[in-house]
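To keep things clear, I will list the structure first and then write my remarks on it.
The values are calculated or read from the model by the stated rules, or taken from the named source; none is laboratory data. If you're wondering where the values come from, they're calculated on a predicted model, not measured in any experiment. Neighbour counts are summed over all protein chains in view; Cβ atoms, including those assigned to glycine, are modelled from backbone coordinates with ideal geometry.
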Amino acid sequence: METLTFHEPSVNVQIENKGTYEIVVNDAQELVIWIHAQIHAIVVVHVSSRDIKIKLHLDDYAFANVLYKFDDECVIEEQTYLQKGANLVLAYYHLHTRSAIHKLQYFLQGFESRIELITSSVTSGIHHYDIECIHEVGLSSSYMENYAIVNEGADYLMQANGIIKQGSKGSKSHQSTRVLTSSDKQNSKVTPLLFIDENDVEASHAASVGQINEDHLYYLQTRGLSKSEAIGLLTLSYVLPILKVVEGDDEIKQKLSLEIEEKVGLSC
């Protein structure tokens, strides 16, 4: 794995070789990642900036798995562009109680381009998402999976938009959002939207918001777990989907899995 660390206000990363990359960005205001044609890369991005604009480009037939990790409050604007045959699996990973505001746009500009997006949040603060998957050509595909654990005092907002423009025949836009709340004293709102301006397409959306099942908690506690450990175990199912992003690198997957378990209170 190659590690790249930056302290500049503007960062431009060109990925021209197959491999696994760790990008550490400190206090940058702008980050550009360019994955060149036919390159297969796994990219883990650690962001400590509080306000950052991100642009991600995938050239023709680039295959990339990208994971963004945030450990502090942040305001993020991201624009991602996929060209012909590009395939992107991307995740946003928040396991902290601080605020996070997201404006995320994904432009499928090439035939047979594909994005699979996963967001995962465990929050007691403000977590707002405004996401758009925009199909500009035919035979493009977008799949969105959003997971959240919303604790007391939190404000979680998910607006998930699938947009298929005229002329994008044969495109697919699917999304689902699952929110688990641990208290009545929180605000959770999910707005799944589809804007379809073409026939001969596939599109769907689904959303669920509900409290932790007390029967499930009770059962786990009868098996010897404390209440906090039981909640942590239930939380895992809402976080572990992000491991899909690091498939292909067992070292990173194991490290991330242990980190998740620690943050949800299941470490030894």
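Filtering the stretch 1-46 down to residues that are surrounded by fewer than 17 Cβ atoms within 10 Å (Cβ to Cβ) and among the small types (Gly, Ala, Ser), which residue is nearest to VAL246 (Cα to Cα)?
Among those residues, the one meeting the criterion is GLY19.
Can you tell me which residues in the stretch 72-86 are surrounded by 19 or more Cβ atoms within 10 Å (Cβ to Cβ) and charged (D, E, K, R)?
Across the stretch 72-86, the qualifying residue is only GLU78.
So that you can scan it fast, the table gives a plain yes or no per residue for (1) aromatic (Phe, Trp, Tyr); (2) touching a helix residue (DSSP H, G or I) at 6+ places or on another chain (Cβ under 9 Å); (3) surrounded by fewer than 22 Cβ atoms within 10 Å (Cβ to Cβ):
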site: LEU95; (1), (2), (3): no, yes, yes
site: LYS103; (1), (2), (3): no, no, yes
site: TYR106; (1), (2), (3): yes, no, no
site: GLU112; (1), (2), (3): no, no, yes
site: GLU116; (1), (2), (3): no, yes, yes
site: THR123; (1), (2), (3): no, no, no
site: CYS133; (1), (2), (3): no, no, no
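Is the stretch 146-165 home to any residue that is charged (D, E, K, R) and closer than 23 Å to LYS244 by Cα?
Looking through the stretch 146-165, none of the residues is charged (D, E, K, R) and closer than 23 Å to LYS244 by Cα.
Confirm whether SER142 is within 19 Å of ALA64 (Cβ to Cβ), touching a Pro at 6+ places or on another chain (Cβ under 9 Å) and small (Gly, Ala, Ser).
So SER142 does not fit the description; no.
Could you check the stretch 80-132 and list, in sequence order, the residues that are assigned to a strand (DSSP E or B) and of a type in the set (Phe, Trp, Tyr)?
TYR81, TYR92, TYR93, TYR106, PHE107, TYR129 - these are the residues of the stretch 80-132 that are assigned to a strand (DSSP E or B) and of a type in the set (Phe, Trp, Tyr).
Within the group GLU136, GLU132, which residue is in contact with a strand residue (DSSP E or B) (Cβ under 7 Å, 6 or more places away or on another chain) and under 24 Å from HIS46 (Cα atoms)?
Result: GLU132 is the single residue among GLU136, GLU132 that is in contact with a strand residue (DSSP E or B) (Cβ under 7 Å, 6 or more places away or on another chain) and under 24 Å from HIS46 (Cα atoms).
Of all residues in the stretch 247-262, which are of a type outside the set (Gly, Ala, Ser) and either in contact with a strand residue (DSSP E or B) (Cβ under 6 Å, 6 or more places away or on another chain) or surrounded by fewer than 17 Cβ atoms within 10 Å (Cβ to Cβ) (or both)?
Within the stretch 247-262, GLU247, ASP249, ASP250, GLU251, LYS253, GLN254, LYS255, LEU258, GLU259, GLU262 qualify.
Condition first: of a type in the set (Lys, Arg), modelled with pLDDT of 75 or more and assigned to a helix (DSSP H, G or I). Now tell me which residues in the stretch 211-268 satisfy that.
The answer is LYS244, LYS253, LYS255.
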